[in-house]
Every structure is written in structure tokens, then in C-alpha cells.
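Since the structure comes first, as C-alpha cells, the remarks are kept for the end.
The values are calculated or read from the model by the stated rules, or taken from the named source; none is laboratory data. Remember, it's a predicted structure, so these values are computed and weren't measured experimentally. All Cβ positions, glycine included, derive from the backbone under ideal geometry; neighbour counts span all protein chains shown. For the accessible areas, the whole protein counts, side chains as well, though only heavy atoms, and no ligand, DNA or RNA atoms are used. Shrake-Rupley method; radii C 1.70, N 1.55, O 1.52, S 1.80 Å.
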Amino acid sequence: MSSNLRSQGSQNWGDKVFEGIPVGKEEPILFTTFLDGHDFSPNSRRAFVQDIGKFAAWFSTANRERFVVGRVTTRDVTDFREHLRREQGQAVATVNRALVTVRRFFAWLTDQGHVANNPAKKVKELKRVALAPKGLDRSQVRRLLREVELRQDVRAGALFSLVLYTGARVGDVATLELADLLLGERGGTVVFRLGKGNKQRSVPLPLLARRAIQAYLDSRPPVPCQKVFAGERGSLTERGVRALCEKYSALIGIKLHPHLLRHTMAHQYLADNGNDLVGLAQILGHESLNTTARYTKRSEQELAASSERLNY
């Protein structure tokens, strides 16, 4: 790629994040250089674009001046945190993610000598009671799979079964290739080659998942594409996977998204396997058992039910 093309492509990051926001002349270039200097996943890049844009927009409105990185103070970051939580009513996890994003961007600016210090360094994240990620219960999973069967939607059946039995991430689904599947009567395996952090993992495929996937493969359209999930116009993208979830959300009256199905698999695996955290961590591709252990915590509904049983 020529330097001119690289510069043009890179500039789009800065233009995108600060679109419609009054900023200094160097800010788009700085943000672009920051992103291009790190090997972030597409999801991480989207998060940075969203969070830094959100902070810059708030800064210019609250202070009635252009967003210039050298003008940001610790007070600004603290007030931004309170704005998100109290005025916008955003979830603690969402607020904390934005804080981490701002802190990381300014840490890079400090290391590169663009600002004297990191104004977000001393701003603490909001505390929250750790609860288990939400998942679907058995009746909700049954409702989803029944709707899929009634519509004879073999592709949806294969995709949902893959996630519900392996805990695949949306990126795992979108990048899965035919060569990554090993299906047999007595066993099966799926290899996720481009997991989080570009780590590869091999996950067993239970019988019901193998049957659903094989039924789809037997009717898969003859498209010149090596991706497992394809349509008439080519491979199914991450956006396409989310759109499929939205379609069935409307049909069954339950808000679905790919990670909810991953959470569902994690909860069910632990329930059916005596809280085998080591096995679940290997299947989900977690580096730390602390990440997997969050599924052993109680959900809000379970805590509420336990509280109702209190009797003095």
C-alpha cells in the first residue's frame, strides 16, 4: 500500500470518531495514529471510536470549546463519568468501559509526549456487585429452537445450535470455514481458528449440534465460499449473525444477541457438569479461571428469589 493510500485510509478513523464535533486540528490525526499503532480487534476499534467520540462530544458541549487533548483535566473525566451514570443512566459496565477507553487513549498520548500527564489515571471506575451474566433458561431455548424448526430454517438451526453447544463468539461463527468442521456419527469437533486474541481452540460437538449442522450442510447453497454459513450473496458476516438474532427476537418475544447464547451455554454446561470451571474455560477460550468463575455467581433473579425466602 502506498503512503498516500495508507494516510487516506488512516485519516478515516479520525474523521469518523470526531464527525460533527468541534476539535483541534491535530486530534483526528492523533486518534488515527493511536488506532493504527495497535493491533486491536474490530470490536475493540468500534469501542474506541464510540467511547472517544462520546467523550469528545460531551467535552465540547460541557466546556463550550473545541476538544483538544491538551485541555482535558481530571475534573473533565470525573464529570464525564457522572454525566454518563446520573444524567444518561448508562449501566455501570458501559460507564467503566468508556473510562478505560479514555484512560488508555490518554496513556498513549502521555507516552508519546503529546500531553504532560494522563488526566484519567486517577479517576476510579464505578463499583458494582458482580452478578452472573444473563442467559436463557431451558424454556426460552426450547421456544427458540421450536420456532426455528417450525419455519424449517436449517441454517438458523445450525447456527444457534453451534453457539448453544460450543459457546462460540459471533466472530467465531462468522469466520468458521468448512475445513474447521469434523463431523461423524460417534463424535465431532469444531476448530475456532481466529478466537479472541487470535488464539485457536478446538471444541467438541455434541450429537444434537452435529445433526443440526449436518442438516444445514446437506442443503447449503452451492456458493463459491469456504465459510460454513453462507447465503445467496456470500458468507454470513457478524452483522448478518446479529440480524438473524434480531429476526428471531421479534418472532419469539425474547431479546436475543449472540453473546446471550454464549452465556446460556456457559450456565448450562456448569449446571450439567458439576461446576466444571476448568472444562468450561477451555471450551470458551478463557485464559483465566477468574473470567469463567463469573458464571458461578448468582443472577439478579436468583438473588431476589433467595431474599424472598428470608423469614424472621
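For the reader, a short list of remarks on this structure follows.
- Within segment 144-164, the set of residues being in a helix (DSSP H, G or I) and either among the charged types (D, E, K, R) or without any contact (Cβ under 8 Å) to a residue 24 or more places away in the chain (or both) comprises 145, 146, 147, 149, 150, 155.
- Considering residues of segment 49-64 that are touching a residue at least 24 places away in the same chain (Cβ under 8 Å) and either touching a His at 6+ places or on another chain (Cβ under 9 Å) or farther than 17 Å from residue 97 by Cβ (or both) only, the residue surrounded by the most Cβ atoms within 10 Å (Cβ to Cβ): 58
- Set side by side, the residues 82, 65 differ, and just one is modelled with pLDDT of 95 or more and either in a helix (DSSP H, G or I) or over 17 Å from residue 108 (Cα atoms) (or both), which is 65.
- Scanning segment 110-135 for residues that are modelled with pLDDT of 85 or more, open to solvent by less than 100 Å² (accessible area, probe 1.4 Å) and under 26 Å from the mean Cα position of the chain (by Cα) turns up 120, 123, 125, 126, 135.
- Test for residue 292: is it closer than 16 Å to residue 168 by Cβ, under 20 Å from the mean Cα position of the chain (by Cα), modelled with pLDDT under 85 and among the polar types (S, T, N, Q): yes
- A single member of 238, 246 is under 26 Å from the mean Cα position of the chain (by Cα) and in contact (Cβ under 8 Å) with a residue 24 or more places away in the chain, and it is 238.
- Among the residues of segment 1-35, those that are open to solvent by 60 Å² or more (accessible area, probe 1.4 Å), modelled with pLDDT under 90 and in a helix (DSSP H, G or I) comprise 3, 4, 5, 6, 7, 8, 11, 12, 13, 15, 16.
- Among residues of segment 165-195, those that are part of a loop (DSSP other than H, G, I, E, B) and within 20 Å of the chain's Cα centre (by Cα), counted: 7
- Whenever a residue of segment 130-143 is in a helix (DSSP H, G or I), its partners that are modelled with pLDDT of 90 or more and of a type in the set (Gly, Ala, Ser), lying with C-beta atoms within less than 9 angstrom and at least six residues away or across chains, give the pairs 143/253.
- Taken over segment 225-254, the criterion of being surrounded by 17 or more Cβ atoms within 10 Å (Cβ to Cβ) and under 16 Å from residue 151 (Cα atoms) is satisfied by 244, 245, 248.
- Matching entry among 174, 179 (being more than 14 Å from residue 265 (Cα to Cα) and out of contact with any Phe, Trp or Tyr (no Cβ under 9 Å at 6 or more places or on another chain)): 179
- When the residues of segment 259-289 are filtered to those that are over 20 Å from residue 136 (Cβ atoms) and of a type in the set (Asp, Glu), the one that is modelled with the highest pLDDT is 276.
- Residue within segment 68-79 that is charged (D, E, K, R), at pLDDT below 90 and surrounded by fewer than 16 Cβ atoms within 10 Å (Cβ to Cβ) present: no
- Flag for residue 105 being in contact with a Lys or Arg (Cβ under 8 Å, 6 or more places away or on another chain) and open to solvent by less than 20 Å² (accessible area, probe 1.4 Å): no
- Taking first residues from segment 207-219 that are of a type in the set (Asp, Glu) and partners that are assigned to a helix (DSSP H, G or I) and surrounded by fewer than 22 Cβ atoms within 10 Å (Cβ to Cβ), the Cβ contacts under 9 Å between residues at least 6 apart in sequence or on separate chains come to 218/154.
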